[in-house]
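**Q** Okay, handing you the structure first.
Please treat every number below as a calculation from the coordinates, not as lab data. Predicted, not measured: the structure shown is a model, and the values here were computed from it. In this analysis, Cβ positions are derived from the backbone assuming ideal geometry, glycine residues included, and neighbour counts consider all displayed protein chains.
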């Protein structure tokens with residue numbers, strides 16, 4: 001219950017909320033260790049209540065520790081149930097996130113929108129610093145992803161289809177203990193490598209193609225994320241040059257990581273390497289993002305990020321160069337911010 | 001562009017919107033055939049505009065047909081860009097779905113919340129009737145899921161781990177051409193079968209265990225969904241009885257499906273079979289849901305559903321009985337509503 005106590009402390013500092021109402025799926029898993037609840041009410045003091053529908057009620061009772069589990073019956077109005085359970089306390093409710101229609105239903109149930117306040121930032125700040133147990137789970141997810149990438153590397157050859165590479169990599173991750181993919185595996189070859197998020201063209205790999213593989217594993221709800229870009233057959237000088245630039249950009253960025261450094265400075269470190277090599281217009285995305293229960297979470301490594309790195313952050317470092325019509329290179333690792341700097345959690349082998 | 005024209009017609013009937021602003025990810029894929037845009041503005045008349053960030057811009061230009069593609073630059077306010085592009089027209093904007101914070105940002109950009117109206121229902125109604133091309137894609141996703149289930153059946157034996165079954169089933173789906181899983185594969189054995197959505201216990205299957213396998217494939221963004229419950233080794237009379245009841249409930253429900261029938265009547269048909277067998281308290285979820293771009297979409301087959309079935313609906317029919325401490329059985333197929341009744345799209349083989 002450390003995570004819940006941390007949130008209570010953050011609420012006490014704000015000194016204006018009677019309860020935190022959690023609705024976001026990843027946030028619910030974060031605080032309850034359980035996937036499949038509808039909401040969680042964390043009062044400033046006392047026991048928290050997890051609201052669960054009939055379909056997941058027996059499993060919640062068996063698996064969730066330290067929370068009051070309340071069944072939400074068919075046809076019952078969740079928002080009214082939450083409001084009734086909270087009682088007629090005067091102070092506001094903090095809310096993490098809700099769609100506009102659910103927000104209105106909740107506002108009605110608690111007696112007006114002025115009783116609600118979006119406070120997702122409090123949870124964002126907690127979640128971005130991983131505890132030892134979380135780091136252990138992510139470390140394992142990263143090892144599994146490495147096994148997948150190793151298999152992808154072994155599978156790529158001239159004449160292989162993109163989907164075959166994905167099939168073998170995912171199977172290898174499952175064999176290594178993965179609970180499933182962290183996100184849809186990307187295998188993009190040839191000109192499709194110029195599309196950072198290319199999907200299911202299922203090209204047959206040709207001599208001299210770049211082949212970009214972006215994959216991740218899930219281990220007990222925690223995720224990993226790694227990208228490597230290979231060449232099938234013999235690479236050209238231009239391909240080698242681009243790959244070297246991206247690799248150097250990643251190296252410099254990782255070397256720049258330590259607690260207290262602004263996340264945007266890390267992004268700029270990589271961006272500068274790519275700009276100086278003349279490819280500045282072709283690095284079309286942020287340098288990285290946090291990884292944990294979600295594959296994209298805080299902190300963000302971008303030119304306009306307000307995050308400052310702390311020990312316990314887990315982030316991707318993934319510079320890329322994408323040349324329309326030619327192809328592209330991205331190299332990505334999941335990295336732990338440590339007291340002394342950074343530790344690569346993925347990337348046991350190199351290209 | 002038939003799908004967009006259908007929405008324009010629905011808007012014309014409503015006679016109060018100047019544009020539909022689409023933000024929901026599956027809705028964006030539905031209208032654009034593309035995954036990875038930020039928003040889509042569909043005006044009552046004239047060309048629609050897809051808003052895309054730099055990371056996916058080149059791919060959108062290469063792959064999207066018939067839409068104006070607008071780049072949203074780093075640091076640019078998406079909501080203001082949309083409002084500017086729409087111009088100072090008097091009428092309201094229809095919106096499909098937005099989180100409360102984005103909703104507020106959009107309201108500010110268009111000059112007040114009174115200029116916005118949630119109209120997700122218009123798109124829900126369109127999406128629930130699949131056209132021939134969509135049916136073809138779902139049919140293929142269902143064939144792939146069948147291949148996965150066949151492999152699961154062959155893999156299940158006393159002594160196998162749950163994750164091995166998942167690994168082999170997913171690998172078989174990939175080999176059969178899957179673009180990925182439609183959702184996290186569920187393999188639950190023994191007492192865990194009493195939890196409809198059991199996750200990663202990774203039990204070793206024992207003699208006489210129920211083993212529930214719930215999986216689906218993705219084919220060009222469209223999904224499938226099938227569940228079978230097997231027995232490892234020799235089943236007991238009680239297990240056989242429960243399985244027969246669930247199977248009969250599914251059969252009766254599918255026989256009841258045809259255009260014009262209330263979805264809740266189909267749910268009640270299955271529920272009645274289970275109630276009459278004395279297991280009414282243990283069927284703890286809805287009978288089914290629509291399947292398409294999302295694995296849960298309209299129409300809903302539940303006791304309180306307002307949907308009326310139409311030809312072109314694709315729904316799951318998945319009765320279940322879950323006995324705490326003992327285990328459970330669910331049998332699920334993806335079914336197409338036809339002019340004449342129903343066609344099973346999954347389920348080429350039986351238990």
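**Q** Distances from residue A:240 to the same position in the other copies: list them in nm, one decimal, shortest first, using label points 7 Å from Cα along Cα→Cβ.
**A** The projected label point of residue A:240 is separated from its counterparts by 7.1 nm.
**Q** Here's another thing I want to ask about it. Can you pull the one-decimal nm distance between simple spin-label points at residue A:125 and residue A:13, each 7 Å off the Cα toward Cβ?
**A** 0.4
**Q** Using Cα pairs closer than 8 Å and at least 6 residues apart in sequence, work out the relative contact order for region B:71-212, in percent. Display every interim value, and only then the final one.
**A** Values: 133 pairs, mean separation 24.1, N = 142.
Relative CO of region B:71-212 lands at 17 percent.
**Q** Here's a follow-up. Any idea what the relative contact order of chain B is, in percent, if you count C-alpha pairs under 8 Å spaced at least 6 apart? The partial results should precede the final answer.
**A** On the way: 766 pairs, mean separation 49.6, N = 351.
About 14 percent, as a whole number.
**Q** Under the definition of partner shielding as Cβ atoms of other protein chains within 10 Å of a residue Cβ, what is the mean value for peptide B:68-81? Walk me through the numbers on the way to the answer.
**A** On the way: counts 0, 0, 0, 0, 0, 0, 6, 3, 0, 0, 0, 0, 0, 0.
Whole-number average of other-chain Cβ neighbours for B:68-81 is 1.
**Q** Antiparallel as a % of all DSSP beta bridges within the protein assembly as shown, to the nearest 5? Before the final figure, lay out the partial values.
**A** Details: 77 of 101 bridges.
Antiparallel: roughly 75 percent of the beta bridges in the protein assembly as shown.
**Q** Also, I was wondering about something else. For the residues A:185, A:29, what sequence is obtained by ranking on other C-beta atoms within 10 Å, fewest first? Walk me through the intermediate numbers first.
**A** Details: A:185 23, A:29 17.
The most exposed by this proxy come first: A:29, A:185.
**Q** Also: Given label points at 7 Å from Cα along Cα→Cβ, what nm distances, shortest first, separate residue A:62 from the same residue in every other copy?
**A** The projected label point of residue A:62 is separated from its counterparts by 4.7 nm.
**Q** How many Cβ atoms of partner chains, on average, are near each residue of B:182-194 if near means within 10 Å of its Cβ?
**A** Working: counts 0, 1, 5, 3, 0, 0, 1, 0, 0, 2, 2, 0, 3.
Mean partner-chain Cβ count within 10 Å for B:182-194: 1.
**Q** Determine, for B:331, A:69, the number of other Cβ atoms within 10 Å of each Cβ, and report the residues in order from fewest to most.
**A** A:69, B:331
**Q** Calculate, for residue A:91 and residue A:339, the FRET efficiency according to 1/(1 + (r/R0)^6) with r their C-beta to C-beta distance and R0 25 Å; round to the nearest 0.05. All intermediate terms of the calculation are to be shown ahead of the outcome.
**A** Details: r = 38 Å, r/R0 = 1.52.
With R0 = 25 Å, the Cβ-Cβ based efficiency is 0.10.
**Q** Further, regarding this structure: How far, in whole Å, is the nearest Cβ of chain B from the axis relating it by rotation to chain A, and which residue carries it?
**A** For the rotation taking chain B to chain A, the closest Cβ gives B:171, 2.
**Q** How many partner chain Cβ atoms sit within 10 Å of a residue's Cβ in peptide B:156-169, on average, as a whole number?
**A** Working: counts 0, 0, 0, 0, 0, 1, 0, 6, 2, 0, 4, 9, 3, 1.
Taking all residues of B:156-169 together, the mean is 2.
**Q** What's the exposure ranking of A:79, B:149, going from fewest to most Cβ atoms within 10 Å?
**A** Values: A:79 20, B:149 26.
Lowest count first: A:79, B:149.
**Q** I've got another one for you. If one takes the longest principal axis of the Cα atoms in chain A, at what angle in degrees, from 0 to 90 and to the nearest 10, does the Cα axis of helix A:162-175 lie?
**A** Taking the Cα atoms of chain A, the angle to A:162-175 is about 50 degrees.
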